[in-house]
Amino acid sequence: MTSSARRYHITTFGCQMNKADSERMSGILESMGFEWSESPDDANLVLYNTCTIRDNAEQKVYSYLGRQARRKHEQPDLTLIVAGCVAQQEGESLLRRVPELDLVMGPQHANRLQDLLEQVFNGSQVVATEPIYIVEDITKPRRDSDVTAWVNVIYGCNERCTYCVVPNVRGVEQSRSPQAIRTEMEALAQQGFKEVTLLGQNIDAYGRDLPGTTPEGRHLHTLTDLLYFVHDIPGLERLRFATSHPRYFTERLIRACAELPKVCEHFHVPFQSGDNDILKAMSRGYTHERYRRIIDLIRSYMPDASISADAIVGFPGETDAQFEKTLKLVEDIGFDQVNTAAYSPRPGTPAALWENQLSEEVKRDRLQQLNHLVSVQASERSQRYLGRVEEVLVEAQNTKDPTQVMGRTRGNRLTFFPGSIDELKGQVVSVKITEIRAFSLTGTPLIPALR
Ligand code: SAH
Ligand code: SF4
Ligand code: F3S
């Protein structure tokens, strides 16, 4: 290791928002002359971008941090940073718990990393968790992929789901302007990116906080309008968006997805529970009947659409009968993928204070049952691909088999097929599917002779 090069390492926990923030923070560090270090132990600057959605996500951070804090005693020039949602949630108290920390910064401060580091290098221990208006990101993120990219369209969340820390740690909704989003996407297209996923915790809220309404009183800027606005960017071949909230999902959006060829037929719409009383206790603002109608509507426009979701089992007070309704919903819908979780009481959320908490054992048992059903269904859903020709956007080499490349179908199924990454990266290849598994596919490319 050369002593002059300043090396940084970032470990990222949590959701796509955090991954997108980490990419921007990497970009800032590289513009300051830092070089990437795969191992935290070889780095002079270690940043943990943290998640607090469930207790186990948070505990993981403390064990990683402990190790680096000890290292700092031997290497005092190590800069140690906690960013993201644990930083926001814990703030000052993180410094008391880990006094070796140099910087504690909430997610709204990600774009300010350079400023904050300058204060650290001037000898201060810094906590940046006050709510701010997020400044436009003018640096160039260091993206993990060079084929697919995330683009934030709305930060924060104004919902108050009774189990969820996100509004506490990510703040109120702030939409970026359609022009700023388009400009970022045009730059991505010029750099050769082929797919963009538009991101928001509640992406259906996009534009509500931007000025302007139509003569009918509708907001001037909605997610649907945004899709039309960015759709013609040359070079980009695929668009996705996440996460959709069933409370605000509109037929207008579904129609736009059906109409716009670049928008992939994949919808991530969390339902959380199949029982109306639990949904009410969660403050989700919809019933399972409404949820089912949305999925029916999506399928009436796009019969083959992939549907994925998030679900929580063992919410306070959930009875066996109520849990059965979640199983029933999953059985009826036929999801391509469901991210499942056992309810975890989070500090600062209403449901954590309720007395009707369930035992860990009940939660674990329900989680197992649901996971089993989800993977059985995913296998069934994979069946429809067998023998079909799918468009696969090639992203990378198959890490387990270098003679193969990997990419995704429009429906977001991971797909492997024989080929060279140097030739195929970033290309959309027609692949005949020959093997299926619950969450991935294998096939043979139908590459025209002259390509
Ligand atoms: N904005 C998205 C999800 C954000 S958090 C939505 O509204 O659906 C991602 C997922 O984590 C949630 O969908 C939920 O399933 C899960 N989750 C959030 N808080 C949780 C908690 N306290 N315990 C268990 N799972 C939780
Ligand atoms: Fe959390 Fe609900 Fe907001 Fe999703 S919509 S981030 S679950 S508060
Ligand atoms: Fe976790 Fe924060 Fe995302 S709590 S799920 S990283 S918004």
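The values are calculated or read from the model by the stated rules, or taken from the named source; none is laboratory data. Predicted model only: the values in this text are computed from it and were never measured. So basically every Cβ, Gly included, is an ideal-geometry build from the backbone, and we count neighbours across all protein chains shown. Surface areas here come from the heavy atoms of the whole protein model, side chains and all, with no ligands, DNA or RNA. Shrake-Rupley method; radii C 1.70, N 1.55, O 1.52, S 1.80 Å.
Over region 148-384, Cα pairs under 8 Å with separation of 6+ residues give a relative contact order of 17 percent.
Can you order the peptides 268-279, 252-263, 352-363 by their average number of other Cβ atoms within 10 Å per residue, highest first?
Those peptides, ordered most packed to least, come out 268-279, 252-263, 352-363.
Between Gly192, Tyr248, Val374, the Cα set farthest toward the positive side of the dipole of the chain (charges on each charged residue's Cβ, about the Cα centre) is that of Val374.
Taking label positions 7 Å along the Cα-Cβ direction at both Ala321 and Gln75, the computed distance is 6.0 nm, reported to one decimal.
Within the chain, antiparallel bridges make up roughly 35 percent of the DSSP beta bridges whose residues both belong there. Global dimensions of region 154-282 from alpha-carbon coordinates: Rg and Dmax equal 15.6, 49 Å.
The helix-based estimate of mean residue ellipticity at 222 nm for the chain, built from -39,500 (n - 2.57) per DSSP H run of four or more residues and divided by its residue count, is -10500 deg cm²/dmol to the nearest 500.
Per-residue accessible area (protein heavy atoms, 1.4 Å probe) orders His231, His73 as His73, His231, starting from the largest.
Please give the charge dipole size of region 93-204, origin at the Cα centre, charges +1 on K and R Cβ atoms and -1 on D and E Cβ atoms. Round to the nearest 20 debye. Mind dumping the intermediate values first?
Numbers: 11 positive and 15 negative charges, 34 e Å.
Using only the charged Cβ atoms, the result is roughly 160 debye.
Give the distance, in whole Å, between the Cα centre of region 385-451 and the Cα centre of region 202-237. Between the Cα centre of region 385-451 and that of region 202-237, the gap is 33 Å. From the alpha carbon centroid of region 240-318 to that of region 150-196 is 19 Å.
About its Cα centre, region 387-445 has a charge dipole of approximately 240 debye under the convention of +1 per Lys or Arg Cβ and -1 per Asp or Glu Cβ, with nothing else charged.
Determine the equivalent ellipsoid of the chain by diagonalising the alpha-carbon gyration tensor, then write out the semi-axes as square roots of 5 times the eigenvalues, largest first, rounded to whole Å. Mind showing how you got there, number by number?
Values: eigenvalues 231, 171, 111 Å².
After diagonalising the Cα gyration tensor, the semi-axes are 34, 29, 24 Å.
In this calculation the C-beta distance from Ser145 to Asn56 is compared with R0 = 22 Å, giving a FRET efficiency of 0.20.
Could you report the chain's accessible area per residue, 1.4 Å probe, as an integer in Å²?
Values: 19790 Å² over 451 residues.
Value returned for the chain: 44 Å² of accessible area per residue.
For region 387-445, calculate the relative contact order in percent as a whole number, restricting contacts to Cα pairs under 8 Å that are 6 or more residues apart.
Details: 136 pairs, mean separation 21.0, N = 59.
Answer for region 387-445 is 36 percent.
Measuring nothing but how far apart in sequence close Cα pairs (under 8 Å, 6+ apart) lie, relative to its length, the chain scores a relative contact order of 10 percent. Take the Cα of Ile132, step 7 Å toward its Cβ, do the same at Ser177, and the gap between the two points is 2.0 nm.
Test of understanding: what is the full-extension gain from Glu360 to Leu260, defined as 0.36 nm times their sequence separation minus their Cα-Cα distance? List each step's numbers first, then the result.
Working: separation 100, 0.36 × 100 = 36.00 nm, distance 4.54 nm.
Length gained between Glu360 and Leu260: 31.5 nm.
Only residues of region 213-234 count here: report those whose backbone N is under 18 Å from the spot 7 Å along Cα→Cβ of Glu186, or say none. From region 213-234, the list is 226-234.
Which value, in debye to the nearest 20, describes the size of the charge dipole of the chain about its Cα centre when Lys and Arg Cβ atoms bear +1, Asp and Glu Cβ atoms bear -1, and nothing else is charged?
Working: 52 positive and 60 negative charges, 104 e Å.
Here the chain has a charge dipole of around 500 debye.
How large, in percent, is the carbon and sulfur part of the accessible surface of the chain at a probe radius of 1.4 Å?
On the way: 9980 of 19790 Å².
Within the chain, the accessible surface is 50 percent carbon and sulfur.
Taking the Cβ of Ala305 as the center, what net charge do the other residues with Cβ under 10 Å away carry, scoring Lys and Arg +1 and Asp and Glu -1? Around Ala305, the charge tally is -1. Bridges between two residues of region 148-384, per DSSP, are antiparallel at a rate of about 10%.
Averaging over every viewing direction, what projected area does the convex hull of the Cα atoms of region 387-445 cover, in nm²?
Numbers: hull surface 13.7 nm².
In nm², the orientation-averaged hull projection of region 387-445 is 3.4.
Eigenvalues of the alpha-carbon gyration tensor of region 7-128, scaled by 5 and square-rooted, set the equivalent ellipsoid semi-axes at 18, 17, 14 angstrom, largest first. Here the label points at Tyr64 and Thr444, each 7 Å from Cα along the C-beta direction, are separated by 4.3 nm in the simple model.
Taking 0.36 nm per residue of separation and subtracting the Cα-Cα distance, what length does fully extending Thr11 through Arg290 add?
Working: separation 279, 0.36 × 279 = 100.44 nm, distance 3.88 nm.
This chain segment gains 96.6 nm when fully extended.
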